[in-house]
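Notes for the one structure printed next.
The values are calculated or read from the model by the stated rules, or taken from the named source; none is laboratory data. All figures in this text were calculated on a predicted structure; none of them were measured in a lab. Cβ atoms come from the backbone with ideal geometry, glycine included; neighbour counts cover every protein chain shown.
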Amino acid sequence: MSPDDPFDDAVTARAVIAADGTLARWNEGARLLLGHTAEEVVGRPASFLLAEGADPAPLPADRWSGTLALRHRDGGTVTVWVLAHHRTPAEGGRGDWLAVTPLETSDHELPDEPLVRAAVYQSPCAAMVFDRSLRLRGVNDAMAHLLGLPADHLRGLRPTDVGGRVQHSELERHLDQVLRTGRPHEMQTYMKATSESRAHAWLARLAPLTDGTRRVRGVCVTAHDFSEQFRARERLQLVNEASMRIGTTLDVTRTAQELAEVCVPVLADFVSVDLLEPDEPGGEPAQPLTTPVSLRRVAHRSRTPGAPEATAETGEVVVYPAAAPHADSLIAGHSIMASMASGELDPWLAVDEERAREIREHGVHSILSVPLQARGTTLGVAAFTRFSHPEAFTHDDVLLAEEVTARAAVCIDNARRYSRERETTLALQRSLLPRTLPRTAAVEAATRYLPTARSGVGGDWFDVIPLSGMRVAMVVGDVAGSGIQASATMGRLRTAVRTLADIDLAPDELLTHLDDLVHHLSQESGGDPVQNEVGATCLYAVYDPVSRRCTLARAGHPAPVLIAPGAAARHLDLPSGPPLGVGGLPFESAELELPDGAVLAFYTDGLVESPGRDPEVGHALLREALSDAAGPLDETCDRVLQSVLAPGGASDDVALLLTRIHGLPSAQVATWDIPADPALVAPVRKQVLDQLAAWALMEASFTAELVVSELVTNAIRYGAPPIRLRLIHDASTLICEVSDTSHTAPHLRRAKTWDEGGRGLLLVAQLTQRWGSRHTADGKTIWAELSLTDGV
């Protein structure tokens, strides 16, 4: 006999019957029992072994035992007890059956003392003894009852002869280990014994049996039902797993799905989570509740792939009538347990035919409904359903479901409150950002803003601001922190930038004023530790399409990327400057000439920085994504986000502003140097009319002539030479600019009845679309814009 293959053990008759009923294997013990050799019987139908007139045994579905009359080779009849069981593939079988008959029934190793024998056999602790060949030498009454087999027929069999489950093979391995090492061993399993109606958790203790010389002669195996301890440990493990797996995100749907996933299949075979909907977006669920109750299915989980038990898909509204356990538990405010056997589900199923059909089709026998309650508010209901679990829900199951559900309810409420706050903050953020960008002749722009999904909404912003003289300001900034406070601060800073831009401050001067504002905001926050950390970064640029020069300054913000036509993308080398709010440090600006069609990319650090990634990697990815910016800017924005953002999304807010630069042709600009002589105003008006005629803008000549006359006259009268007049036009606007070296700016006033002057600027304001003044390094410029599209 091979120790690795006990099939040829001669003390037990063994035969393997294939699925088609033919004999596949035949051992030496079978030859000794019936006289047939393996060569004579293998491949023949097993039925030929039955004695004449004997009824064939039914083909076992799992296991069969009984007495059979078999045909001996010499023609005689041998009546023996046979045990046959189906072998699983884990044992090496292929859907065949193993039939065994023990040939040896000696019990010489059992105790000889009658009282000891009685104690062993009648002990309530199931026990059996194996010898060194792993053969059963004896079982007591409790073990025989568990096995569902007569004790006197089991002696001489191995564990794999008794049953074909995986546990029987494991028992043989552990028995062999105890025999080799001489040390006790424990084995735990969850299975249904033959005599049991449902599965139990079993603890098998294997202890070596030694003789007087301490030589191991066998192994005693005792089986203990520790189902209560097993279930208690399983419940504790489920609670621990729930604490780790439920609430990993601040997302209501994901949290509800985590509750369902944790409880299937340990606690239930199917779990659904339905939530009440508020009367208005962002509000609380309606209270008190009345039947029928309408809820929205947000999650469900089944141990069956595809969840065929679900009567509603996630996102659908489910209506529960008064008789449904879901509605009753919601209104009562406590858990309700119902079963088919008790008839407690009958009133519900009587009014819901579809649900009744589903329940009967899938064999549902128990439902446990637990309301989701947190902070005094009922959020919804979790329903636990059993159909594969043979047992109904117990009181311990209810306590466990309530413990897990209570934990999930708090997480769902947190996610709900966070989602509501985040939506409010997002709405505020969107309202503070420009909905559309202005259309200008100098730049075309495209933007993207992405709030982070991992934390509160931040204070990133961008803007494109038209300035006088067809110039355009481009700005992007980032307020430190997140949440409503950061969004509110961002709104104040964006408004301040627009106000400062309107008075045509140079970029470095604008940042200085903005730095003062942030410093004052920090002081206004007082001692609030949440709000006193006010800080921001900002980049401000002004582009003049006439000179095609761009002036930029930054306050601790990432430098922009320039993509010139036909050239590689590169970061501009700009003086960094301190972040806003530091105070006391100067800002520097840089000026460069931009070719027509060049693209400037402004962005916040959330685009290129992410945890675990070197920022230089993000900057390199950005330059690579911008290398081909010749196409539509919207497509370029999308490509940048897809290429640069780390997997899993941005860890911080992202603001991206792309601008394509367009210079103004020199043919659309006319400039005159004006002597400081009032007598020369008339010739200047004539030159202006000639230029308008050359531009085919005579429909605007009357207004333009009046505006030029007034601005030039004021410059001669109140300004200081040299004086310069400049006309700029595009398809929709004509701009008149008069510059001089005086720093005194004019202002509107209402002239009195008998005043001889004071009406000129009022007239200009009435005739033009916009007007204003800006200071320059050499003096000031008074400008006025005339619309060419409104019939002027």
Name the residues in region 631-680 that are touching a Pro at 6+ places or on another chain (Cβ under 7 Å) and of a type in the set (Asp, Glu), would you? Asp653, Asp673
Residues satisfying the stated conditions in region 298-350, i.e. outside any helix (DSSP H, G or I), aliphatic (A, V, I, L, M) and closer than 21 Å to Thr255 by Cβ: Val298, Ala299, Ala307, Ala310, Ala312, Val317, Val318
Which ones in region 690-719 are within 14 Å of Pro678 (Cα to Cα) and either surrounded by fewer than 16 Cβ atoms within 10 Å (Cβ to Cβ) or β-branched (Val, Ile, Thr) (or both)? Val708, Val712, Thr713, Ile716, Arg717, Tyr718
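Could you list all residues from region 173-199 that are buried (at least 16 other Cβ atoms within 10 Å of the Cβ) and closer than 23 Å to Pro102 by Cβ?
Taking region 173-199 and keeping what is buried (at least 16 other Cβ atoms within 10 Å of the Cβ), we get 174-175, 178-179, 185, 187, 189, 193.
Selection gives His174, Leu175, Val178, Leu179, Ala193.
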Only one residue in Ala676, Ala629, Ala682 is in contact with a helix residue (DSSP H, G or I) (Cβ under 6 Å, 6 or more places away or on another chain) and within 30 Å of Ala745 (Cβ to Cβ). Which one? Ala676
Every residue from region 395-417 that is closer than 15 Å to Cys263 by Cα, of a type outside the set (Gly, Ala, Ser) and in contact with a strand residue (DSSP E or B) (Cβ under 9 Å, 6 or more places away or on another chain): Asp397, Val398, Glu402, Val404, Thr405
Report, by residue number, each residue of region 591-614 that is over 17 Å from Leu572 (Cβ atoms) and free of Cβ contacts under 8 Å to residues at least 60 places away in the same chain. Glu609, Ser610, Pro611, Gly612, Arg613, Asp614
Looking at the structure I just gave you, is Leu147 touching a strand residue (DSSP E or B) at 6+ places or on another chain (Cβ under 6 Å), closer than 30 Å to Asn27 by Cβ and either aromatic (Phe, Trp, Tyr) or modelled with pLDDT under 90 (or both)? no
Is it the case that some residue within region 245-262 is surrounded by 14 or more Cβ atoms within 10 Å (Cβ to Cβ) and over 25 Å from the mean Cα position of the chain (by Cα)? no
Assuming Ala696 fulfils every condition listed in (1) in contact (Cβ under 8 Å) with a residue 12 or more places away in the chain; (2) at positive phi apart from one, which condition is it? (1)
Residues within region 574-594 that are in contact with a His (Cβ under 7 Å, 6 or more places away or on another chain) and either loosely packed, with under 14 Cβ neighbours inside 10 Å or part of a strand (DSSP E or B) (or both), tallied: 1
Scan region 263-271 and tell me whether some residue there is in the same structural domain as Pro288 (by TED's automatic domain parsing), part of a strand (DSSP E or B) and in contact (Cβ under 8 Å) with a residue 24 or more places away in the chain. yes
Identify the residue in region 621-678 that is of a type in the set (Ser, Thr, Tyr), surrounded by fewer than 21 Cβ atoms within 10 Å (Cβ to Cβ) and under 25 Å from Ala442 (Cβ atoms) and, among all such residues, is modelled with the highest pLDDT. Thr671
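Select from region 399-442 the residues that are among the acidic types (Asp, Glu) and under 22 Å from Arg494 (Cα atoms) and list them in ascending order. Show your work before the answer.
Here is the first cut: in region 399-442, the residues among the acidic types (Asp, Glu) are 402-403, 413, 421, 423.
Hit for region 399-442 is Glu423, nothing else.
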Please go through region 545-573 and give me each residue that is closer than 21 Å to Trp461 by Cβ and either assigned to a strand (DSSP E or B) or of a type in the set (S, T, N, Q) (or both), ordered by number. Cys550, Thr551, Leu552, Ala553, Arg554, Ala555, Val561
When you check His389 against the structure, is it modelled with pLDDT under 90 and assigned by TED's automatic domain parsing to the domain that holds Glu284, yes or no? yes
Can you tell me which residue in region 351-407 is nearest to the chain's Cα centre (by Cα), limited to those that are assigned to a helix (DSSP H, G or I) and of a type in the set (Lys, Arg)? Arg407
Looking at the structure I just gave you, is Arg198 of a type in the set (D, E, K, R), more than 40 Å from the chain's Cα centre (by Cα) and in the same structural domain as Arg158 (by TED's automatic domain parsing)? no
Within the group Leu115, Leu32, Leu98, which residue is modelled with pLDDT under 85, out of contact with any helix residue (DSSP H, G or I) (no Cβ under 6 Å at 6 or more places or on another chain) and either assigned to a helix (DSSP H, G or I) or surrounded by 15 or more Cβ atoms within 10 Å (Cβ to Cβ) (or both)? Leu115
Among the residues of region 157-176, the number that are in contact with a Lys or Arg (Cβ under 8 Å, 6 or more places away or on another chain) and modelled with pLDDT of 85 or more is 4
Please tell me if Pro721 is at pLDDT below 85 and either in a loop (DSSP other than H, G, I, E, B) or within 27 Å of Asp508 (Cα to Cα) (or both). no
Checked pairs for region 540-551, first within 10 Å of Gly469 (Cβ to Cβ), second assigned to a strand (DSSP E or B), C-beta under 7 Å and 6 or more apart or across chains, list as Val546/Val669; Val546/Ile728
Could you list all residues from region 196-249 that are among the β-branched types (Val, Ile, Thr), farther than 27 Å from Ile412 by Cβ and modelled with pLDDT of 85 or more? Thr210, Val216, Val219, Val221, Thr222
